[in-house]
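**Q** Questions regarding the structure given below will be posed in turn.
The values are calculated or read from the model by the stated rules, or taken from the named source; none is laboratory data. Computed from a predicted model, the values in this text were never measured in an experiment. Cβ placement follows ideal geometry from the backbone for every residue including glycine, while neighbour counts extend to all protein chains displayed.
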């Protein structure tokens, strides 16, 4: 008989499955509690949420939300990374952590309502983040303006040099 806590958890997971733009399920086996806390902090700082989930409750929630998650994915310890916007920052945080620690191992991914392959998850994790893209765009927009300003200043400098040279000649004639 399901307890009220489990019923609430399944309802909460169902809502999260419906609302999440990004869902990454990973096997966190082998990570210490301190490493898990570090990973949670990194994901939260990037704008996501990482939680440990029981597979049976996630399976029920997936069935209710009509999200297809294969049974072989729901084996072993499972950590879910959720983001509510189509932002890859939390995914990058997970990938960076996995590079350093060698764990967790990604088992499943959904992006904007569609299941994506593990290769696609790796590709997304390598993309630059939104803030980095904005900074690059600003840099690209500024560079032509900087070049134009330099060119215009160069012409003005040349004009000043010519005027100084002409002024010096005129002054030189008056003195003779």
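**Q** Condition test on residue 139, is it surrounded by 13 or more Cβ atoms within 10 Å (Cβ to Cβ) and within 23 Å of the chain's Cα centre (by Cα)?
**A** Spelling it out, it is not the case that residue 139 is surrounded by 13 or more Cβ atoms within 10 Å (Cβ to Cβ) and within 23 Å of the chain's Cα centre (by Cα).
**Q** Quick check on region 27-56: of everything there that is closer than 14 Å to residue 96 by Cα and more than 14 Å from the chain's Cα centre (by Cα), which residue is surrounded by the most Cβ atoms within 10 Å (Cβ to Cβ)?
**A** Ranking the qualifying residues of region 27-56, first place goes to 39.
**Q** Looking at the structure I just gave you, is residue 11 part of a helix (DSSP H, G or I) and surrounded by 15 or more Cβ atoms within 10 Å (Cβ to Cβ)?
**A** Against the criterion (part of a helix (DSSP H, G or I) and surrounded by 15 or more Cβ atoms within 10 Å (Cβ to Cβ)), residue 11 does not qualify.
**Q** Further question on the same structure: When residues of region 15-40 are filtered for being part of a strand (DSSP E or B) and within 17 Å of residue 59 (Cα to Cα), how many remain?
**A** The qualifying residues number 5.
**Q** Okay, next question. Taking residue 93 as the residue in question, decide whether it is farther than 11 Å from residue 23 by Cβ and under 19 Å from the mean Cα position of the chain (by Cα).
**A** yes
**Q** Is there any pair linking a residue in region 69-97 that is surrounded by fewer than 19 Cβ atoms within 10 Å (Cβ to Cβ) to one that is at pLDDT below 90 and assigned to a helix (DSSP H, G or I), with Cβ under 6 Å and at least six apart or on different chains, and which?
**A** Going by the 6 Å Cβ cut-off, the qualifying pairs are 95/125.
**Q** Still on this model: Could we say that residue 70 is touching a strand residue (DSSP E or B) at 6+ places or on another chain (Cβ under 8 Å), assigned by TED's automatic domain parsing to the domain that holds residue 12 and on the phi > 0 side of the Ramachandran plot here?
**A** no
**Q** Looking at 34, 42, 61, can you tell me which residue is closer than 29 Å to residue 128 by Cα and in contact (Cβ under 8 Å) with a residue 12 or more places away in the chain?
**A** Working: 34 fails: in contact (Cβ under 8 Å) with a residue 12 or more places away in the chain; 61 fails: closer than 29 Å to residue 128 by Cα.
Within the list 34, 42, 61, the selection yields 42.
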